[in-house]
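J.: Below is the structure I would like to discuss, written out as structure tokens.
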Amino acid sequence: MKHETPLLDQLESGPWPSFVSDLKQQAEKRAKNEEGIDFQIPQDVVEDLLGVLELSFKDGETHWKHGGIVGVFGYGGGVIGRYCDQPEQFPGVAHFHTMRVNHPGGKFYTTKYLRELCELWDLRGSGLTNMHGSTGDIIFLGTTTPQLEEIFYEMTHKHNQDLGGSGSNLRTPSDCIGQARCEWACYDTQAICYDFTQEYQDELHRPAFPYKFKFKFDGCPNCCVASIARSDLSFIGTWRDDIKMDQEAVQAYIGGEIPPNGGSHSGRDWGPFDINKEVINLCPTQCMWMEDGKLMIDNKECTRCMHCINVMPRALRIGDDRGVTIMAGAKAPILDGAQMGSLIVPFMRAEPPYTEIKEKVIEPIWDWWMEEGKNRERLGELMKRQGLQRLLEVCGFDPDPRMVQEPRSNPYIFWKEDEVEGGWERDVDKFREKHQR
Amino acid sequence: MAFISSGYNPDKPMEDRITDIGPRKYDEFYPPVIANNKGKWLYHEILKPGVLVHVAESGDKVFTVRCGGVRLMSTTHILEICDIAEKHCDGYVRWTTRNNIEFMVDSEDKVEPLVQDLESRKFAAGSYKFPVGGTGAGVTNIIHTQGWVHCHTPATDASGPVKATMDALFDDFKDHRLPAQLRVSLACCLNMCGAVHCSDIAILGYHRKPPMLDHEYLDKMCEIPLAIAACPTAAIKPTKIDGADGGKLKSVAVKNERCMFCGNCYTMCPAMPLADQEGDGIVLMAGGKVSNRISAPKFSKVVVAFIPNEPPLWPTTVATIKKMVEAYAKDANKYERLGEWAERIGWERFFEKCELDFTHHLIDDFRDPAYFTWRQTSQFKF
């Protein structure tokens with residue numbers, strides 16, 4: 001190896017897969033180059049990455065410079081410029097740009113396709129990736145400026161593949177595994193994710209927003225892609241009719257024939273399954289009970305938290321009248337503290353071509369946010385600044401108690417003039433006829 | 001190294017240009033058993049840690065073997081995944097939201113050979129390449145950010161502390177002994193591109209020194225109004241500084257006591273770096289979740305205000321996390337998430353049981369919502 005890495009080497013022991021070992025095997029493969037690849041960026045790029053990382057471990061500080069405007073022609077996102085602040089010492093990573101590659105829904109792959117991507121990235125980049133970035137993209141980590149257009153050209157021409165989002169635009173939408181392999185998915189998360197990604201390609205590639213904007217699609221309220229916590233518009237599958245029940249399977253759970261919660265507590269003896277303790281008493285709305293040996297649910301009172309269904313997946317199933325609940329404004333703490341998504345649509349159908357969602361929710365919200373949002377203001381912050389009422393007004397939604405945790409506890413209502421009989425224009429002289437100064 | 005053209009002509013960038021085509025369509029990559037049964041799954045069961053079976057209405061079953069992946073992954077490693085997927089799974093594989101790799105087979109007899117194969121593969125220095133686990137009431141993979149590998153604003157590394165933490169939690173990656181699932185996440189600065197703010201345990205990099213001001217560079221480089229506007233606490237104002245050549249430089253002044261160390265100014269202006277070996281370190285947060293199960297989604301709360309960076313193994317961070325996990329494992333009820341447990345027993349008990357100090361840093365004083373986190377009842381525990 002080109003650089004000594006005594007600190008990093010300590011991260012090679014222990015059972016969890018070692019990224020240091022992986023970087024080293026990659027460095028070695030590039031050095032040997034048994035396949036005779038005509039590397040388009042420095043052959044020792046990975047060795048220099050190990051070197052600069054070791055230096056950071058020593059210094060306790062990063063050695064990457066602040067961004068840099070690089071990209072591909074016509075796009076304002078998808079590429080993040082990165083330069084090393086010690087380029088003389090580590091020339092292989094002097095330029096080390098990132099490309100975001102829009103991942104397929106559900107993150108399913110064929111090896112044929114993965115091999116194609118690897119071949120492209122070994123030739124024109126470091127061969128290092130993130131599988132995947134936090135938003136969902138495949139991240140190509142580390143290439144030089146002259147390679148960006150070449151990679152984009154090959155990607156679009158040979159692999160029918162586009163870049164993902166970055167900067168003040170629509171970020172790459174992402175989804176849970178959904179109906180592909182989950183019995184709880186209330187709508188086809190992959191279909192809607194793909195449809196919106198295609199529909200809004202312009203917004204994804206060309207920054208026209210005040211700041212980033214994220215869509216995420218969770219098939220059910222278990223929220224495996226965390227849409228409720230991190231997406232400006234979060235789509236959570238739900239249903240309006242009754243939970244479907246199989247009383248025989250309920251008995252099988254009670255009798256201990258089927259392990260509760262799909263066997264997820266098998267590592268400890270929790271004692272025999274107790275339907276009262278583990279299901280009925282934990283129901284947040286207390287809408288379940290046993291009657292004549294049968295499990296009963298007052299479905300009207302159910303808030304679809306998924307607990308009973310999670311515990312007894314073979315006995316209880318999601319209803320058939322399905323759609324999405326839409327939450328708006330979630331974000332991580334920068335700037336004004338973290339925000340959870342707030343409910344703006346209790347229920348809407350999520351079936352192609354999704355016209356109602358696009359025209360009644362997404363587009364009016366974007367118009368409002370692009371008009372009123374300040375530079376680097378997320379949707380949630382605009383909602384906080386102008387109020388949930390404003391968003392409802394923009395979308396033309398009727399207020400609904402389902403949209404609040406509780407009604408306001410202060411009476412400081414910002415009445416609008418047209419809501420007040422007779423308006424606000426008054427004649428003070430007339431007032432004085434009745435009231436002396 | 002000879003430049004190899006892709007066919008792109010820099011003189012005519014629009015020639016034959018293909019844009020706005022989006023990702024590959026998901027269903028190109030479905031294994032047949034998934035394509036055949038999509039939307040028709042009946043139920044699932046975890047046969048043992050890391051191994052799931054999903055059963056469809058048709059009677060078809062798909063067996064999934066989940067194993068830990070490292071987010072920072074080389075093509076060498078991906079190609080090995082391809083080899084495995086071709087050997088056992090007809091060339092199909094998927095990743096989970098939490099960086100795990102899932103190999104799927106369509107019959108039970110294919111499971112054990114696959115598990116054996118995965119568990120037998122180790123890196124030269126001894127760590128597992130594909131540890132099987134990450135399901136049910138255990139610890140699954142840590143989602144994380146770039147850290148010192150690639151980011152310009154981190155206050156800690158990402159891959160290093162993740163590796164050290166997962167080594168310590170490895171047994172729980174491969175077991176189902178916890179009361180519920182435990183999600184650990186890491187973001188290397190409070191920009192949180194990893195969105196760790198709703199995790200059972202969050203590891204967060206944090207700066208503690210206000211930005212330095214590189215005035216000469218600032219004058220040339222930065223849009224001063226943008227840097228000022230970026231500050232959430234209005235701690236930055238414009239100023240003029242005497243330059244080395246006797247001239248005046250346009251720059252900014254920072255009211256240090258108002259700085260919350262978010263680094264937003266640095267994002268807008270590279271002449272205001274914050275990173276500092278002594279100043280930077282780790283905040284631990286706990287009790288968040290994203291699921292709507294039983295209780296509403298919750299934010300993680302700050303439970304340790306600061307732990308210095310201790311590369312390469314971050315021993316204090318790891319030991320503190322381990323202590324929390326053990327206290328939770330011992331005391332929480334079945335199905336209770338870490339945050340639900342803390343709320344049931346009370347945060348005063350949480351600190352006691354986890355043997356954590358409560359310091360003034362943990363009392364919220366950031367704007368209005370802070371008030372609602374102070375105790376406004378006489379109900380508390382001695």
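The values are calculated or read from the model by the stated rules, or taken from the named source; none is laboratory data. Computed from a predicted structure; not experimentally measured. Cβ coordinates were reconstructed from backbone atoms using ideal geometry, including for glycine residues, and neighbour counts include every protein chain displayed.
Yes or no, residue by residue, for (1) among the charged types (D, E, K, R); (2) in contact with a strand residue (DSSP E or B) (Cβ under 8 Å, 6 or more places away or on another chain); (3) within 12 Å of chain A (Cβ to nearest Cβ):
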{"residue": "B:ILE294", "(1), (2), (3)": "no, no, yes"}
{"residue": "B:VAL302", "(1), (2), (3)": "no, yes, yes"}
{"residue": "B:ALA305", "(1), (2), (3)": "no, yes, no"}
{"residue": "B:ASN309", "(1), (2), (3)": "no, yes, yes"}
{"residue": "B:PRO312", "(1), (2), (3)": "no, no, yes"}
{"residue": "B:VAL318", "(1), (2), (3)": "no, no, yes"}
{"residue": "B:LYS322", "(1), (2), (3)": "yes, no, no"}
{"residue": "B:GLU326", "(1), (2), (3)": "yes, no, no"}
{"residue": "B:LYS330", "(1), (2), (3)": "yes, no, yes"}
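J.: Here's another thing I want to ask about it. Can you tell me which residue within region A:98-125, out of those that are in contact with a strand residue (DSSP E or B) (Cβ under 6 Å, 6 or more places away or on another chain) and under 15 Å from A:ILE41 (Cα atoms), is surrounded by the most Cβ atoms within 10 Å (Cβ to Cβ)?
T.: The qualifying residue surrounded by the most Cβ atoms within 10 Å (Cβ to Cβ) is A:MET99.
J.: A further question on this structure: On the basis of being buried (at least 24 other Cβ atoms within 10 Å of the Cβ), hydroxyl-bearing (Ser, Thr, Tyr) and within 30 Å of B:PRO273 (Cα to Cα), does B:THR135 make the cut? Please lay out each step first, then the result.
T.: Values: buried (at least 24 other Cβ atoms within 10 Å of the Cβ): yes; hydroxyl-bearing (Ser, Thr, Tyr): yes; within 30 Å of B:PRO273 (Cα to Cα): no.
Considered against the rule, which asks whether it is buried (at least 24 other Cβ atoms within 10 Å of the Cβ), hydroxyl-bearing (Ser, Thr, Tyr) and within 30 Å of B:PRO273 (Cα to Cα), B:THR135 comes out as no.
J.: Show me the strands (runs of 3 or more DSSP E) entirely contained within region A:96-164 in which 1 or more residues are within 7 Å of chain B (Cβ to nearest Cβ), touching a helix residue (DSSP H, G or I) at 6+ places or on another chain (Cβ under 8 Å) and of a type in the set (Lys, Arg). Can you show your working first?
T.: On the way: elements: A:98-101, A:108-110, A:128-131, A:138-141.
So the answer is none; nothing clears 1.
J.: Could we say that A:GLU203 is more than 9 Å from every other protein chain (Cβ to nearest Cβ), in contact with a strand residue (DSSP E or B) (Cβ under 9 Å, 6 or more places away or on another chain) and modelled with pLDDT of 95 or more here? Walk me through how you get there before you give the answer.
T.: Details: more than 9 Å from every other protein chain (Cβ to nearest Cβ): yes; in contact with a strand residue (DSSP E or B) (Cβ under 9 Å, 6 or more places away or on another chain): yes; modelled with pLDDT of 95 or more: yes.
So A:GLU203 fits the description; yes.
J.: Let me ask something else about it. Which of (1) crowded, with 24+ Cβ neighbours inside 10 Å; (2) in contact with a helix residue (DSSP H, G or I) (Cβ under 9 Å, 6 or more places away or on another chain) is the odd one out, the single condition B:PRO113 does not satisfy?
T.: Result: B:PRO113 passes all but (1).
J.: Another question, then. Quick check on my filter: what residues within region A:16-38 are buried (at least 18 other Cβ atoms within 10 Å of the Cβ) and not in a helix (DSSP H, G or I)?
T.: A:TRP16, A:PRO17, A:SER18
J.: List the helices (runs of 4 or more DSSP H) that sit entirely inside region A:357-437 and contain at least 3 residues that are modelled with pLDDT of 95 or more and under 34 Å from the mean Cα position of the chain (by Cα).
T.: Working: elements: A:363-372, A:379-386, A:388-395, A:428-434.
By residue number, A:363-372, A:379-386, A:388-395.
J.: Among what's in region B:50-83 and is in contact (Cβ under 8 Å) with a residue 12 or more places away in the chain and facing chain A (nearest Cβ under 7 Å), pick the residue that is nearest to A:LYS244 (Cα to Cα). Write out each step before concluding.
T.: Let us first name the residues in region B:50-83 that are in contact (Cβ under 8 Å) with a residue 12 or more places away in the chain, namely B:50-58, B:60-72, B:77, B:80-81.
Keeping just the survivors that are facing chain A (nearest Cβ under 7 Å) gives B:54, B:62, B:68-72, B:77.
On the way: B:HIS54: 19, B:VAL62: 23, B:GLY68: 35, B:GLY69: 36, B:VAL70: 39, B:ARG71: 39, B:LEU72: 42, B:HIS77: 44 Å.
The extreme case among them is B:HIS54.
Yes or no, residue by residue, for (1) within 30 Å of B:GLU310 (Cβ to Cβ); (2) free of Cβ contacts under 8 Å to residues at least 12 places away in the same chain; (3) more than 7 Å from chain B (Cβ to nearest Cβ):
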position	(1), (2), (3)
A:GLN26	yes, no, no
A:GLU34	no, yes, yes
A:PHE39	no, no, no
A:ASP44	yes, no, yes
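J.: Consider A:VAL394 carefully, then state whether it is β-branched (Val, Ile, Thr), touching a Pro at 6+ places or on another chain (Cβ under 7 Å) and assigned by TED's automatic domain parsing to the domain that holds A:GLU278.
T.: Working: β-branched (Val, Ile, Thr): yes; touching a Pro at 6+ places or on another chain (Cβ under 7 Å): yes; assigned by TED's automatic domain parsing to the domain that holds A:GLU278: no.
Against the criterion (β-branched (Val, Ile, Thr), touching a Pro at 6+ places or on another chain (Cβ under 7 Å) and assigned by TED's automatic domain parsing to the domain that holds A:GLU278), A:VAL394 does not qualify.
J.: Going through region A:283-336 one residue at a time, which ones are touching a Gly at 6+ places or on another chain (Cβ under 9 Å) and either of a type in the set (Val, Ile, Thr) or in a strand (DSSP E or B) (or both)?
T.: A:VAL311, A:ILE318, A:ARG322, A:GLY323, A:VAL324, A:THR325, A:ILE326, A:MET327, A:ALA328, A:LYS331, A:ILE334
J.: So, A:VAL79, is that one touching a Leu at 6+ places or on another chain (Cβ under 9 Å), surrounded by fewer than 23 Cβ atoms within 10 Å (Cβ to Cβ), more than 7 Å from chain B (Cβ to nearest Cβ) and under 30 Å from A:TYR153 (Cβ atoms) or not? Outline the logic, then answer.
T.: Details: touching a Leu at 6+ places or on another chain (Cβ under 9 Å): yes; surrounded by fewer than 23 Cβ atoms within 10 Å (Cβ to Cβ): no; more than 7 Å from chain B (Cβ to nearest Cβ): yes; under 30 Å from A:TYR153 (Cβ atoms): yes.
No; evaluated as a whole, the condition is false for this residue.
J.: Take A:GLU54 and decide whether it is charged (D, E, K, R), closer than 29 Å to B:GLY68 by Cβ and either part of a loop (DSSP other than H, G, I, E, B) or outside the structural domain of A:GLN86 (by TED's automatic domain parsing) (or both). Don't jump to the end; show me each part of the working.
T.: Details: charged (D, E, K, R): yes; closer than 29 Å to B:GLY68 by Cβ: yes; either part of a loop (DSSP other than H, G, I, E, B) or outside the structural domain of A:GLN86 (by TED's automatic domain parsing) (or both): no.
So A:GLU54 fails the test.
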